[in-house]
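The values are calculated or read from the model by the stated rules, or taken from the named source; none is laboratory data. All figures in this text were calculated on a predicted structure; none of them were measured in a lab. Cβ: placed from backbone, ideal geometry, glycine included. Neighbour counts: every protein chain shown.
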């Protein structure tokens with residue numbers, strides 16, 4: 001037994017064992033709070049964001065008379081309806097060399113430079129967010145807000161005028177205000193979401209999901225009757241304003 005422990009009498013060996021034990025131990029601190037030494041974007045990241053924003057705004061100025069979406073967005077009120085195809089044309093133009101931009105990159109660049117004015121920086125961007133980006137870049141909007149959020153705010157404002165108590169004077173569109181049923185409201189919300197993603201809605205769109213799963217064009221006509229056409233025209237104009 002003494003022979004077995006004899007090597008431990010060597011002080012060099014004992015110190016080596018202590019050092020190895022300390023090296024392999026991990027102390028987990030459940031009490032102390034982390035101290036943030038620095039937060040935000042690095043100087044290099046800010047410089048890249050600044051360069052991207054400057055180039056994007058310069059691009060808009062240089063092409064505002066050539067690209068249909070920019071022509072429409074510069075006209076207030078819009079002289080023509082802004083279409084999904086026009087915004088797609090703009091998206092294709094900025095994705096080509098030498099720019100290679102997309103909605104998320106531009107959104108993050110503005111968020112890096114003007115965080116207090118940018119909402120939804122961590123969310124997923126969609127094509128129609130380009131509308132919000134251009135409006136912010138040309139100073140039509142003071143805040144950069146995801147396009148679906150803007151559409152929803154316009155929808156709530158429109159709905160408030162439609163849902164107001166019936167009164168003698170007509171509301172927008174020449175009709176007196178009326179209340180919608182729960183099912184009608186659900187369809188109006190689907191129309192709102194479609195416009196947020198596609199900038200407009202047409203009768204043919206009711207033959208596709210999610211409308212087709214709820215009865216399609218026949219069902220929406222059943223619910224709204226001859227009010228459908230003016231409602232669609234109204235929402236196409238008001239929600240993207």
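Quick rundown of the values:
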item	result
Top-ranked residue in the range 81-107 [being more than 19 Å from the chain's Cα centre (by Cα) and touching a residue at least 24 places away in the same chain (Cβ under 8 Å); ranked as nearest to residue 232 (Cα to Cα)]	81
Residue 101, sole failed condition from (1) within 16 Å of residue 136 (Cβ to Cβ); (2) part of a helix (DSSP H, G or I)	(2)
Verdict on residue 75 being surrounded by fewer than 21 Cβ atoms within 10 Å (Cβ to Cβ) and either at positive phi or under 14 Å from the mean Cα position of the chain (by Cα) (or both)	no
Tabulated pairs, the range 182-209, first in contact (Cβ under 8 Å) with a residue 60 or more places away in the chain, second part of a helix (DSSP H, G or I), C-beta under 7 angstrom, 6+ apart or interchain	196/147; 196/148; 196/151; 198/84; 199/84; 199/87; 200/236
Residues satisfying the stated conditions in the range 111-123, i.e. part of a helix (DSSP H, G or I), closer than 13 Å to residue 142 by Cα and within 13 Å of the chain's Cα centre (by Cα)	none
Residue 130 being modelled with pLDDT of 95 or more and surrounded by fewer than 20 Cβ atoms within 10 Å (Cβ to Cβ)	no
